[in-house]
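One structure is given here, and the rest of the page talks about it.
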Amino acid sequence: MARLFHHIDPVRALARAACVALVAACALAPGAALAHEQAGDVEWSQFQGGPGHPGAILEAPAPPYRERWRFRPSAGGISGAVLTGELAVAVGRDAVYGIDVASGEQAFEIPRQGGPISTPALGTVGDRLVLLYLEGPPRGVPGQSPSPSPEAGTGGTRASELVAVDLADRSELWRARLDATSRSGVSVAEDLAYVGDDLGGVYAFSVDTGALVWKAEAVGRVDSPPAVADGRVYVAARNLDQRRAQVLALDARSGERRWTFSPAGGALVVSALSAGDGAVVLGAGDQLVRGLSGEDGSLRWHALALNLFSPASAPAYQPGNVYIADAAGGLYRLNPADGRRDWDHQTNALIVQSSPVVVGPYVVVGLGDGRLAAFDATSGDLVYESGMAPGPIGPLALSHEVLVAPTGGSQAALVAYEHDPEGVLVRVASPTIPVPASLVGWFALAAAIVGVAVLVPFRLLAPRFGPAFTREGSVEAEP
C-alpha cells in the first residue's frame, strides 16, 4: 500500500489547518473512458464530463489561456456548465442559462424556482437532446421536511424537483418530485438520470418519461453527483449526527444495494467520486486517497495526502493515472493499480470547488483565489497560471474550443478560456521538491543564525558568571 510523506512547511501547515474549518463550512453550505460523448454534438454532458466522472476529453485547448468571454447571471451564483458544440448551459439561482460558446451572448433563459445551485446534465431520447437540472424548493420554503404537495412545482412544495427540458425548443418534458432538498447535481448514464438528496435519498429516473425507476437510502446527505460505471452507481454521503461518511454502491438498473464503505472514525467528509475499470477512487477527511474495488468495496490501496478533501471536488480518473486535489491545494498524480505517488504539487491555494481535468499532456484545475492553473502531467511542474480574480473557480467543463468554469464571490460569472497563441508557458517545480544545492545553502544560513543567536548572548554573559562558563563546559563541584 502506497503512502505519501513530505516535509510540511510551517506557513503552509497553518494554512492547511485553517482550511479544515473552511472546507467543513463549505460542505455544510450550499468511468475511466474518455468523456467525449457519442450522441449528437455533446462534448461535456455532466459533472467531470461523463457518468464515471473521468475528467477528460479527446481534444481541448492547451495552455496558455486567455479569457474569451465572461457571462454574469442576473442574480446569485452559477453552476458548472455542460457543453454542446454551440452552447454552454449552467444553472443560476433564478434561471437556467444557455450561452453561445463562440460569443458569450445569452441564447436563452429558463425561469427557475430557486433551490441549491448544482451542475445539470444532458441526456438523449432518440434524436432529442434533453437537459436535466434540479429546482427548488423556492426561497423561504423549508426543504428538509418532506411533505405532500397537491401539485408539483407550485410554491407549496417543500422539496426539490428534477426537471427535464427539450434543449432544442426549451419546452418542459416532465418534472419529478424528490422527498427532500437536493444539491447533488445530476448524473446520466444511458436512459437513466441519478440524483441524491439531503436526507440520503438516491433516485433513478427515466430520462424519457421521468418515471421513478427506483429509490435507495444512503447514510445521509449526498453532496455530489453519483458516479456510474460498470453497471453500478456509487454515491458519497455523510451524516454529521452519526459522525459517519459512506460510499454506497447500488445496481444501476435495480437500485439493489451491493456494498457500503465507511472510512475510519473522524473521516466525516468524502470527496466526490470517480469510477471506472472496476474501481472507485475517492479522498476522505482522514487525508487518505483510496482505491476501492467496484465489485465488493474492498480496499485495493490507499495513499496519504497532506490534507483532507472537499466534497465538491472529484478525482480525474483515467486508465493508468489518477489526479486528485486536496482542499489545501495539493495536486497529486497516483497510479490506480497500487496508489503509488508519481508526483505532487503544492499550490498554496485552496481547492474546494474545482476538480482536476486532463487536457492532453496537461492537468488543469481552478484555485480558490480565482487562478486557473495548468501542470505538466508527466512532471507535475506548474506551466501556466492566470491572474488572481475575486471568488474561487468551480468545476471545469471542456470542449474542443474552450474551457468553461464558474467563479464565485460577489461577482459570480461563467467564464470561457481559450488557447492564447501569444502566451508563454513557465516551468515551476512544486515547493515540496528538494533542491540539494539550495538545501545546503539554507542549512548553512540556518546554522549561522542559530550560532549568532546562541553563542553571542553566552559570551556576553560569561564574565558575569566567572569560571563556571569554561571553554570545555565542565562544572566543578564545591567541596
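The values are calculated or read from the model by the stated rules, or taken from the named source; none is laboratory data. The structure presented is a predicted model; accordingly, all values stated were derived computationally and were not measured. Note that each Cβ is placed from the backbone with ideal geometry, even for glycine, and that neighbours are counted across all protein chains shown.
Name the strands (runs of 3 or more DSSP E) wholly inside the range 44-110 in which the number of residues that are buried (at least 24 other Cβ atoms within 10 Å of the Cβ), in the same structural domain as P395 (by TED's automatic domain parsing) and within 22 Å of the chain's Cα centre (by Cα) is 2 or more.
82-84, 87-91
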Open item on the list: Kindly evaluate H6 against the criterion of being surrounded by 15 or more Cβ atoms within 10 Å (Cβ to Cβ) and modelled with pLDDT under 95.
Closed with: yes
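Does R243 satisfy being crowded, with 17+ Cβ neighbours inside 10 Å and either out of contact with any Cys (no Cβ under 6 Å at 6 or more places or on another chain) or not basic (K, R) (or both)? Write out each step before concluding.
Details: crowded, with 17+ Cβ neighbours inside 10 Å: no; either out of contact with any Cys (no Cβ under 6 Å at 6 or more places or on another chain) or not basic (K, R) (or both): yes.
When the stated conditions are applied, R243 does not pass them.
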- [ ] Check L199 against each of (1) touching a Pro at 6+ places or on another chain (Cβ under 8 Å); (2) assigned to a strand (DSSP E or B); (3) not small (G, A, S) and name the one condition it does not meet.
- [x] (2)
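Report yes if some residue within the range 323-334 is in a strand (DSSP E or B), over 14 Å from A229 (Cβ atoms), assigned by TED's automatic domain parsing to the domain that holds A252 and among the β-branched types (V, I, T); otherwise report no. Outline the logic, then answer.
Quick first cut of the range 323-334, residues in a strand (DSSP E or B) only: 323-325, 330-334.
Then keep just the ones that are over 14 Å from A229 (Cβ atoms); that gives 323-325, 330-334.
From what's left, assigned by TED's automatic domain parsing to the domain that holds A252: 323-325, 330-334.
Those left that are additionally among the β-branched types (V, I, T): 324.
Yes: the range 323-334 contains one or more residues that are in a strand (DSSP E or B), over 14 Å from A229 (Cβ atoms), assigned by TED's automatic domain parsing to the domain that holds A252 and among the β-branched types (V, I, T).
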Task: Subset of the range 301-340 [crowded, with 19+ Cβ neighbours inside 10 Å and of a type in the set (D, E, K, R)] - done: D326, R333
Task: Residues of the range 206-240 that turn out to be buried (at least 16 other Cβ atoms within 10 Å of the Cβ) and more than 26 Å from S313 (Cβ to Cβ), as a count - done: 6
Task: Filtered residue count, the range 338-359, keeping only those that are closer than 21 Å to Y65 by Cβ and outside any strand (DSSP E or B) - done: 9
Open item on the list: Could you list, ordered by first residue, the pairs with Cβ atoms under 6 Å in which the first is in the range 208-224 and over 22 Å from Q242 (Cα atoms) and the second is part of a loop (DSSP other than H, G, I, E, B), at least 6 apart or interchain?
Closed with: W214/G255
Task: Criterion (surrounded by fewer than 14 Cβ atoms within 10 Å (Cβ to Cβ), in a loop (DSSP other than H, G, I, E, B), hydrophobic (A, V, I, L, M, F, W, C) and modelled with pLDDT under 95) met by exactly one of A389, A437, A444, A477 - done: A477
